[in-house]
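The values are calculated or read from the model by the stated rules, or taken from the named source; none is laboratory data. What you see is a predicted model, and the numbers here were worked out from it, not measured in a lab. Cβ placement follows ideal geometry from the backbone for every residue including glycine, while neighbour counts extend to all protein chains displayed. The protein model used for the area step is the full one, side chains on, heavy atoms only, and it has no ligands, DNA or RNA in it. Shrake-Rupley method; radii C 1.70, N 1.55, O 1.52, S 1.80 Å.
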Amino acid sequence: MQDTNRQFSVPKGMYLLSHSVGCLPVLTRSSVAQSYFEPWQQHGGDAWPQWLNIIEQFCHELADLFNTNADDICPQSSVSNGLSQYLQALPLKTARTVLMHASAFPSLGFAVQGLAAYGFNLKLIDKDIDPNDLDAWQALLTDDVAVAVITHVHSNSGVLSDVAGIAQLCRAKNVCCVVDVAQSAGLIPIDLQSWQVDLVLGSCVKWLCGGPGAGFMWVNPGHVNELTPKNIGWFSHESPFEFDIEHFSYAKGAKRFWGGTPSILPYASALVGIQQINNIGVPKIYAHSKALQRIVLDHAAEYLLNPIGLAYSGGTLCLHLAKPRLETLVSGLTQANAYFDQRRDGIRLSWHIYNTEQEALQVAEIFRCL
């Protein structure tokens, strides 16, 4: 993977933090200068056609990544903002409960709690229950539940959710199904045609190597025109340049969620990352990540408090150890100039395409010396 490694600007040391921020593609600086800054410098206000082309390309690259249509994708500032927008846009129903696992990223729960005045309330599957316990989902998909939120890959455990299985339960109960792919997009192959869900939310800052500020939502085209977003602006209009203050008509498709004057710069950066990931190929990235994880686990498994099944996890090894060994491991990784983070009794080590076999062997050696 040496040639692939050179396609990214990787910090000095051993970078194992892709679950937080993915590394900058080498081409990003020059590409963003060409697509965003040069049109601004040369054309001023006439740069808009070129700037909006960035958004169009962004949506098309994501569509290729997820095997879907670009018209069904809309930029969003963040995953939680996208969820809030979606919930407010739903047709009014008596059922206003949103169900998710307690290990979902907290901001998703915050988004629901922030809509309490609209009648929404949060229901959680207990953190000690396996996120893939279909019986637990079935039991809690009660008549008051309007929306279920599935975390594709859980950030603090690395657990990969059975999206298709949970989504099938939701369809049987007529519950809208939302999937958060922030920790999986760019690392795990995703085919939206097979999931049959209602909404997918994601971010480009992690495995897509696109930087912060460029989120996205995919809305199922089968029911998008039933949704009425509340936070609308001129780019939510089916004809944004009509400029008639007395007439508004929602855009046909996901772009009705776009809002006012769009942000461009984060998407110019994110576009390069998605293009890079698409060029390499997600299946290749996934296979490489799993190979490196396997090297580490061959030496780490005997020390772990949490057995890890590589087929049922994402790109991050969330390793929980007894305190004395955890402290030794942290010390060893620090001495190796590794980038990682710690969550209570565990550490998180992510393995992307720019990580090398030598790095995996180095981490394995640290475990061998515990």
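Find which of 334, 266, 142 sits farthest along the positive direction of the dipole of the chain, computed with +1 on the beta-carbon of Lys and Arg, -1 on that of Asp and Glu, about the Cα centre.
Working it through, the farthest residue towards the positive pole turns out to be 334.
Checking the a/c ratio against 1.5 first, then a/b against b/c, what shape does the Cα gyration tensor give for region 190-254?
oblate
Note down the relative contact order for the chain as a percent, whole number, built from C-alpha pairs under 8 angstrom at least six residues apart. Write down the numbers at each step before the final one.
Details: 695 pairs, mean separation 87.0, N = 370.
Once divided by the residue count of the chain, the mean separation gives 24 percent.
Which far-off residues, 5 or more places away or on another chain, put their amide H under 5 Å from the one on residue 151, with H placed in the peptide plane?
Hits under the 5 Å cutoff: 101, 180.
Send over the per residue convex hull volume for region 165-316, Cα only, as a whole number of Å³.
Working: hull volume 22.9 nm³, N = 152.
Cα-based convex hull of region 165-316, divided per residue, equals 151 Å³.
Please list, in order along region 128-142, the HN-Hα scalar couplings obtained from phi with the Karplus expression 6.51 cos²θ - 1.76 cosθ + 1.60 (θ = phi - 60°), rounded to whole Hz, x for Gly and Pro.
Here the 3J(HN,Hα) series is 7, 8, 3, x, 9, 6, 5, 5, 5, 4, 4, 5, 9, 7, 7 Hz.
Once Lys and Arg get +1 and Asp and Glu get -1 on their Cβ, which of 57, 14, 68 lies farthest toward the positive end of the dipole of region 1-74?
It is 14, whose Cα lies furthest towards the positive end.
Which number gives the lysine pairs in the chain that have C-alpha atoms under 22 Å apart and are eight or more places apart or on different chains?
10
Taking a ≥ b ≥ c as the square roots of the Cα gyration tensor eigenvalues, with a/c under 1.5 meaning rounded and otherwise prolate when a/b beats b/c, else oblate, which class fits region 1-90?
Taking the square roots of the gyration eigenvalues as a ≥ b ≥ c, region 1-90 is oblate.
Could you work out the longest stretch of the chain that avoids the GluC sites (Glu not before Pro) located in DSSP loops with at most 15 other Cβ atoms within 10 Å?
Value returned for the longest uninterrupted segment is 1-237.
About the Cα centre of region 1-136, what is the dipole size in debye to 20, counting +1 per Lys and Arg Cβ and -1 per Asp and Glu Cβ, all else neutral?
My answer is approximately 440 debye.
Rounded if a/c is under 1.5, else prolate if a/b is larger than b/c, else oblate: which is region 1-158, with a ≥ b ≥ c the root eigenvalues of its Cα gyration tensor?
Working: a/c = 2.74, a/b = 1.56, b/c = 1.76.
Cα axes put region 1-158 in the oblate bin.
Taking the Cα centre of each part, how many Å lie between region 120-136 and region 228-270?
If you average the Cα positions of each part, the centres end up 35 Å apart.
What's the carbon and sulfur percent of the chain's accessible surface, probe 1.4 angstrom, rounded to a whole number?
Carbon and sulfur atoms account for 51 percent of the accessible area of the chain.
Mind checking the per residue accessible area of the chain for me, 1.4 Å probe, whole number of Å²?
Counting only protein heavy atoms, the per-residue value for the chain is 44 Å².
Give, to the nearest whole percent, the P(r) tail of the chain beyond 32 angstrom, counting all Cα pairs.
36
Can you tell me the Rg and Dmax of region 62-136, counting just the alpha carbons, in angstroms?
Just the Cα atoms of region 62-136 yield Rg and Dmax of 14.6, 39 Å.
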